[in-house]
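Participant: Quick one: the structure is below, and I'll ask about it shortly.
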Amino acid sequence: MDIEFHGAAGGVTGSMHLVEAAGRRILLDCGMLQGGRELEAGNAEPFPFDPAALDAVVVSHAHIDHIGRLPLLVARGYRGPVWLQRATADLLPVMLEDAASLAASEAERANRRRHPDEPRQAPLFTTEDVAAVLRLLRPLDYDVRTGILPGVELALRDAGHILGSCIVELWGDGRKLVFSGDLGPKGTPILRDPSVITEADLVVMESTYGDRDHRERSATVQELGEVFEHAWRDGGTVLIPAFAVGRSQELLYWFARYWNEWKLERWRIFLDSPMAGKVVAVYDRHHELFDEQATRVWRQKPSPFRLPNLHYTESTQASMGINSIVSGAIVIAGSGMANGGRIQHHLRHRLDRRDTHVVFVGYQAEGTLGRRLVERAQWVRIHGEEVRVAAQIHTVGGLSAHTGQGGLLEWYGQFRGTPPVALVHGEDDARQALAAEIGRRYGARVELPRLGTRLAV
């Protein structure tokens, strides 16, 4: 068994790893690159392998940096099964259809601005390409060991990152590979804690926050309440860039938990994302994956997805109508890194106002608008327009769906015999810090693969 790394090797997007076992080729994830324009241009480049020669694809979870290039893979010749957890199978069409819509809009915008002598730009992929992916899905439940190819077996374990997120166990050639996917922190609302795994010949582990730990969630929740109070006194609005899967649902969970303490009845709350509304419906169908606390919260009133002043805005017209509200609105909108989607329209409309409060509740990759705002840029460019930043910017780190350094070390420490580790899905500073700590605590061999690195399992 061998593994070759073709994405998220020195960065945090574009997850894609090729495993060869029992004479078969299995792709772990097929994610989209996200960040600056130059990085994202790589999404259209040819794959570093022949898609038609793959025998299977295994998906860890439904975030776009793990599934976003599946339509391209199929369009370029892949015809095999796509194995994934059952809830991920429900989320995947929502995510990919939204990505196809965004790709079409971006191509249309580029073609309006192009010089007459320049060729027309085609979208990265289309809804027809997404439909072709959906025909290949093979849903699995957690904790069921399944033969997916001759000589190759697969089991998916709960990663506690988003609904349906998986740790991947793969057996072949008498060897066992464990791919962490993205690991959630213990105690994440709604979700169960990451599964404990004790045996592996190689552990491929994420390292997004390998160099630091998050604030306690309780402190973060308190800070959110303080931001809302401050914004109310300012007579302003709150803008929250948030991923449609995971973060948006967790925010609504906290809104329900602290409805009275945060005096949320006085606000108008908008989930401004057609995709997030569809994701909410998927969460509602999979209560069996909730932890005990979430099950109790869903029984109380107000229920997180049915707050009395919560508005789901699906149409573009309804989204634009939010801009007419002068104060007293909390707007949750994608994308989570503010690199596209409806949040950009709200930022363009309100960033130059001191009474606007922008709350970042997740990781902001290099090159994104979110990263520039977190780093306190005074001017940013949105839709070709220079916008002055007068808004108050808040970074709330304790709501991350990724566990911090302590959680990663604890999860790895449950393996017997300190198997070798390959660190992926992290910038180099984070990977190096985590590698040093794994070596110091456990004495394990740690690899920091680059694109194209090949390791024996």
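Nothing in this text is a laboratory measurement; each read-out follows from the coordinates by a stated rule. Only a predicted model underlies this, so the values are computations on that prediction, with no experimental measurement involved. Counting neighbours? That spans all protein chains shown, and the Cβs are built from the backbone with ideal geometry, glycine included.
Participant: State, to one decimal in nm, how far the label point of THR295 lies from the label point of ASP234, with both points 7 Å from Cα in the Cβ direction.
Facilitator: 4.1
Participant: Starting from the alpha-carbon convex hull of the stretch 200-296, give the projected area averaged over all orientations, in nm².
Facilitator: Details: hull surface 37.0 nm².
So the mean shadow area of the Cα hull is 9.3 nm².
Participant: Spelling out what I want: for every residue of the stretch 440-457, take phi, set θ = phi - 60°, compute 6.51 cos²θ - 1.76 cosθ + 1.60 (Karplus), and round to whole Hz; glycine and proline get x.
Facilitator: With the stated coefficients, the stretch 440-457 comes to 5, 7, 10, x, 7, 7, 10, 9, 10, x, 9, 4, x, 4, 10, 10, 7, 8 Hz.
Participant: Now for a separate question. Rounded to two decimal places and with Rh computed the Kirkwood way over Cα pairs, what is Rg over Rh for the stretch 353-411? Don't jump to the answer; show the numbers that get you there.
Facilitator: On the way: Rg = 14.4 Å, Rh = 13.1 Å.
Value, to two decimals: 1.10.
Participant: Let me ask something else about it. Hey, how much of the P(r) for the chain falls beyond 32 Å, as a percent of Cα pairs?
Facilitator: Values: 38644 of 104196 pairs.
It works out to 37 percent of all Cα pairs.
Participant: Simple spin-label model, 7 Å along Cα-to-Cβ: ALA44 to ARG266 in nm?
Facilitator: Those two pseudo-labels are separated by 5.0 nm.
Participant: Using alpha carbons only, how many angstrom separate the centre of the stretch 81-117 from the centre of the stretch 285-334?
Facilitator: Here the answer is 24 Å between Cα centres.
Participant: How much of the DSSP bridge set in the stretch 217-399 is antiparallel, in percent, rounded to the nearest 5? Don't skip to the end; give the middle numbers.
Facilitator: Values: 4 of 23 bridges.
Counting only bridges with both partners in the stretch 217-399, antiparallel ones make up about 15 percent.
Participant: Also, I was wondering about something else. If one puts a single equal scatterer on every Cα of the stretch 303-368 and applies the Debye formula without solvent, what log₁₀ I(q)/I(0) results at q = 0.21 Å⁻¹?
Facilitator: Relative scattering, expressed as log10 I(q)/I(0), comes to -1.03.
Participant: Another question about this same structure. As a test of the formula, what do you get for the chain when each DSSP H run with n ≥ 4 contributes -39,500 (n - 2.57) and the sum is divided by the residue count, at 222 nm and rounded to the nearest 500 deg cm²/dmol? Could you put the intermediate results ahead of the total?
Facilitator: Details: 14 runs with 143 residues, N = 457.
-9500 deg cm²/dmol, from helical runs alone.
Participant: All other residues with a Cβ under 9 Å from the Cβ of GLN85 taken together, and with Lys, Arg as +1 and Asp, Glu as -1, what is their net charge?
Facilitator: Working: positive: ARG86; negative: ASP141, ASP158.
Taking every other residue near GLN85 into account, the sum is -1.
Participant: Which value, in Å³ per residue, describes the convex hull spanned by the Cα atoms of the stretch 80-235?
Facilitator: On the way: hull volume 34.4 nm³, N = 156.
Roughly 221 Å³ of hull volume per residue.
Participant: Please pull out the direction-averaged projected area of the stretch 8-89, using the convex hull of its alpha-carbon atoms, in nm² to one decimal place. Don't skip to the answer; put the middle values down first.
Facilitator: Working: hull surface 21.9 nm².
So the Cα hull casts an average projection of 5.5 nm².
Participant: In whole Hz, with x marking every Gly and Pro, tabulate ³J(HN,Hα) for the stretch 405-419 from phi via Karplus 6.51 cos²θ - 1.76 cosθ + 1.60, θ = phi - 60°.
Facilitator: For the stretch 405-419, the Karplus-derived couplings read 4, x, x, 5, 5, 5, 5, 5, x, 7, 6, 7, x, 6, x Hz, x marking Gly and Pro.
Participant: Sorted from largest to smallest, which semi-axis lengths in Å does the alpha carbon gyration tensor of the stretch 217-399 give for its equivalent ellipsoid, taking the root of 5 times each eigenvalue?
Facilitator: Numbers: eigenvalues 133, 59, 52 Å².
Rounded to whole Å, the semi-axes are 26, 17, 16.
Participant: Modelled label-to-label distance, GLN222 and GLU427, 7 Å Cα→beta-carbon offset: nm?
Facilitator: 2.9
Participant: Check which residues have an amide H placed less than 5 Å from PHE360's amide H, if you skip close sequence neighbours.
Facilitator: HIS394, THR395, VAL396
Participant: I would also like to ask the following. Sequence-distant or interchain residues sharing an amide H contact under 5 Å with ALA22, placed H: which?
Facilitator: It is ASP173, by chain and number.
Participant: Turning to a different aspect of this structure: Would you grab the residues whose amide H sits under 5 Å from the one on THR188? Only those 5+ places off in sequence or on another chain, please, with H modelled 1.01 Å from N.
Facilitator: For THR188, whose amide H was placed from the backbone, there are no distant partners under 5 Å.
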